[in-house]
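Notes to accompany the following structure.
The values are calculated or read from the model by the stated rules, or taken from the named source; none is laboratory data. Because the structure is a prediction, the values reported are computed rather than measured. Here the Cβ positions follow ideal geometry from the backbone for every residue, glycine too, while neighbour counts run over all protein chains shown. What goes into the accessible areas is simple: the full protein's heavy atoms, side chains included, and nothing from ligands, DNA or RNA. Shrake-Rupley method; radii C 1.70, N 1.55, O 1.52, S 1.80 Å.
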Amino acid sequence: MQNTNATTNNISTFSPNLQAQDTRANYWMAQVTVRLRREICWRWYQQSGNNVVAGNSLPPLENPLISSLNLTRHWQEKYHFFQTDPTAKYLTDKLTVSSPIEPPPLRSSFGWVIDTLGLDEIAAFVLALGLIGTFDRAAGTVIANCLNDAVATQPNLALAQLLWDEPEQVLAIANPSHPLWHYGLLQPANSTNSAAMDWHSPIVVPPIVATCLLFPSNPLPQILEPIYEAGDRAIEIPETASLVALRLPNQSDKKLRIVPLRGAAGASATEILQGISQITCRGIVELQSHAALLENSSYLKSLVTICWLRGIDLWVRSNAVITSGTEARHSHAYLLPLQSIPIAIFLEIRDRGELNHLPNSLLLPIVDLPRLSYSDRVRFWHQYLGTQDTSPDTSFNRAIAECSRRFRYEKETIRNICEGLQGMPISETTLIAACRAELDLDIGELAQKVTPRFEITSLVLPPKQQRLFAEIYQAMQALTEVHYGWGTARVWNESGISVLFAGPPGTGKTMAAEVLATQLDLPMYRIDLSQVVNKYIGETEKNLKRLFDLADVSDTILFFDEADALFGRRTEVKDAHDRYANLEISYLLERMERFKGLAILATNRKKDLDEAFLRRLRYILDFPLPDAAERKRIWLQVMPENADTSQLDFDFLARQFPLAGGHIRSIAFNACLQTADGSTQPQLTMERVIVSLKREYDKLNRSVSLEQFGCYAKYLEEMEKPNKST
């Protein structure tokens, strides 16, 4: 292109007073505008035979086939027109104005991109063509007329070839690996795959990218929140994070690098990211969650392009990007279209498996976020609640200490809870309730949450077992003081309590677990062994890991019913399945010892449990069949309070029938079902109870003689008589 030392006209767009901050952007948009105006002049000339326009309308559209066939036929005439027609020549002369000489451009500006990527004139022109379509609302109609298509209001490569004096040069831009596409500066308007573009596919500079190119001094989009450095203080970060940070400045300048940050929910990565930022001398911004916008993958690519333009890296939380499809959401596959843009993305993950679908060439080593210690949690509770008195002697501070042990929340979760408590009178009860409300255990199919039904008064045990049960309750209550006041936490790995409830069916094992849940105010989950134990090698261990990892966030009761199915004796190794079965038991023993809540195992077959496993349990509580006195207490307890039970002989029932509490409860309920007749004053009779008792023995397949029923045997004889109504 011929250069003169003339200056360009201030008008660079169709709309008046529309100027960019970047001088070279204005120059190249002016080049686009002039060429579009010159093309319109030619179309007017073709339609009317002269350059005089009747009215203010644009030239009418013509048949696309005829228009294409006439390109070659009229080329010489068109070239001559550009040199001789007064208006066209005026516009042609303006194209010879040289690009202005300017000081070093601001980073992320149009001029900076041209210099950094070494773009030639045709690339600068096509980029400006894309900018005009985004920046100037008046350009759409002009573009449509030049393309001879009323609905084609966005530019395409065909338009670039039509306007440029050396149309063969546009072919290089059509290559998907060209820097304009590679760095996300241009994007196909109707496709997320640049390889699918053709001559007629609309091309755009995304609006947020256009803003960055045209106005480099503008602030970042609000969706990108800067993570500020903590002053001049050198931030200490884990060695793994430092090593990863040292590798980032040496990364290839041609592709994305992904740094996984693995941590618990609510873990704060801010300090580690600030430390990495100090080492790399690059800013880091956090991608704020905005699912509606980020469903569009091209918008996400535009944000990454902005990060490259500004020389910053990106922090993506696990809940920040929601893409359609479960597979994409869990595998972070949305990152794959971004891999040509050379920035670092710090990616929050929970598990290594989330990275399986990402190429290893993009991944740097995982940086594990350190978990808060107990003392850290106490400090943050005081800090975010604004408490001045940290003396452990006050009831409120004891509540903070208890919450710090019971709820292993991370920094951001603690801060969110405290923000929700602002302006409220805070007591021990409200603090624990707020912590409990934040808890969201998504254990899924592995367990079912249990709503406790029983109080301590419902539990009938012999004195020895009653005392041991009280010791279990006291042990859970004392964990905070003993672990962190006396200093046992380190030696015992902050572990909780594991107990075994053993005894025949119906002796109260499940009831005792629910009573503990009520007394301790802890959520209780019944483990579904059919879901946990998997026939495929290694799957049981994965299920157990997921279960314990989720439950360890807060003090929780895990209730393993029929535990002998999972914790049975380890077998002699005869094949691979035996070896893996033993590994599963060993893994379970190790996780049980590290579990910070209350694990309750219930079994009817204590003798079938592995002895090594029994030795690792904190308490073993045997539930015997109740004696006569205990059975009477149970009979009295299970009777509904609104029913008249004055006719029942509780001494006889307790003395004659050695049943467990669960069976007694079932008998009482069945008797109530058979008695109900709509009466406002229901009355249970011995006849109904005796019949229900016999039904229970039959259900258990246990024999009982008529003599055992004494004087009430007559009710059974009546039961055996044929029903006259039939």
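List of remarks:
- The condition of being modelled with pLDDT of 90 or more and out of contact with any Pro (no Cβ under 6 Å at 6 or more places or on another chain) holds for only one of L659, L617, that being L659.
- Total residues in region 469-528, condition assigned to a helix (DSSP H, G or I), crowded, with 18+ Cβ neighbours inside 10 Å and aromatic (F, W, Y): 2
- Residue in region 101-116 that is among the acidic types (D, E), open to solvent by 40 Å² or more (accessible area, probe 1.4 Å), within 30 Å of C307 (Cβ to Cβ) and in a loop (DSSP other than H, G, I, E, B) present: yes
- Filter result for N296 (open to solvent by 60 Å² or more (accessible area, probe 1.4 Å), over 29 Å from G275 (Cβ atoms) and at pLDDT 60 or above): yes
- Residue check, L119 among the aliphatic types (A, V, I, L, M) and within 15 Å of A20 (Cα to Cα): no
- Matching entry among T87, T141, T116 (being closer than 30 Å to A344 by Cβ and either under 39 Å from the mean Cα position of the chain (by Cα) or touching a residue at least 24 places away in the same chain (Cβ under 8 Å) (or both)): T116
Residue-by-condition table, conditions (1) over 26 Å from Q466 (Cβ atoms); (2) in contact with a helix residue (DSSP H, G or I) (Cβ under 7 Å, 6 or more places away or on another chain):
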site: P624; (1), (2): no, no
site: A628; (1), (2): no, yes
site: L636; (1), (2): no, yes
site: F650; (1), (2): no, yes
site: L653; (1), (2): no, yes
site: Q674; (1), (2): yes, yes
site: L684; (1), (2): yes, yes
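- Only one of the numbered conditions (1) surrounded by 15 or more Cβ atoms within 10 Å (Cβ to Cβ); (2) part of a loop (DSSP other than H, G, I, E, B); (3) hydroxyl-bearing (S, T, Y) is violated by S703, and that is (1).
- Checking each residue in region 353-366 for being over 16 Å from the mean Cα position of the chain (by Cα) and without any contact (Cβ under 8 Å) to a residue 40 or more places away in the chain picks out N356, H357, P359, N360.
- Members of region 625-641 found to be in contact with a Pro (Cβ under 7 Å, 6 or more places away or on another chain), buried (at least 16 other Cβ atoms within 10 Å of the Cβ) and not in a helix (DSSP H, G or I), listed by number: none
- Residues in region 49-100 that are at pLDDT 70 or above and among the hydroxyl-bearing types (S, T, Y): 8 in all.
- Verdict on L609 being within 13 Å of A563 (Cα to Cα) and open to solvent by less than 50 Å² (accessible area, probe 1.4 Å): yes
- Residues that are open to solvent by 60 Å² or more (accessible area, probe 1.4 Å), within 18 Å of the chain's Cα centre (by Cα) and touching a residue at least 40 places away in the same chain (Cβ under 8 Å), drawn from region 404-452: N416, D442
- Within region 454-463, at least one residue is surrounded by 14 or more Cβ atoms within 10 Å (Cβ to Cβ), at pLDDT 90 or above and either in contact with a Lys or Arg (Cβ under 8 Å, 6 or more places away or on another chain) or part of a helix (DSSP H, G or I) (or both).
Residue-wise test of (1) aromatic (F, W, Y); (2) at pLDDT 90 or above; (3) buried (at least 19 other Cβ atoms within 10 Å of the Cβ); (4) more than 20 Å from the chain's Cα centre (by Cα).
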site	(1), (2), (3), (4)
A344	no, yes, yes, yes
D351	no, no, no, no
D368	no, yes, no, no
V378	no, yes, yes, yes
G386	no, no, no, yes
T390	no, no, no, yes
D393	no, no, no, yes
N397	no, no, no, yes
E402	no, no, yes, yes
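- Options D698, D644, D651, D677; residue that is touching a residue at least 24 places away in the same chain (Cβ under 8 Å) and surrounded by fewer than 16 Cβ atoms within 10 Å (Cβ to Cβ): D644
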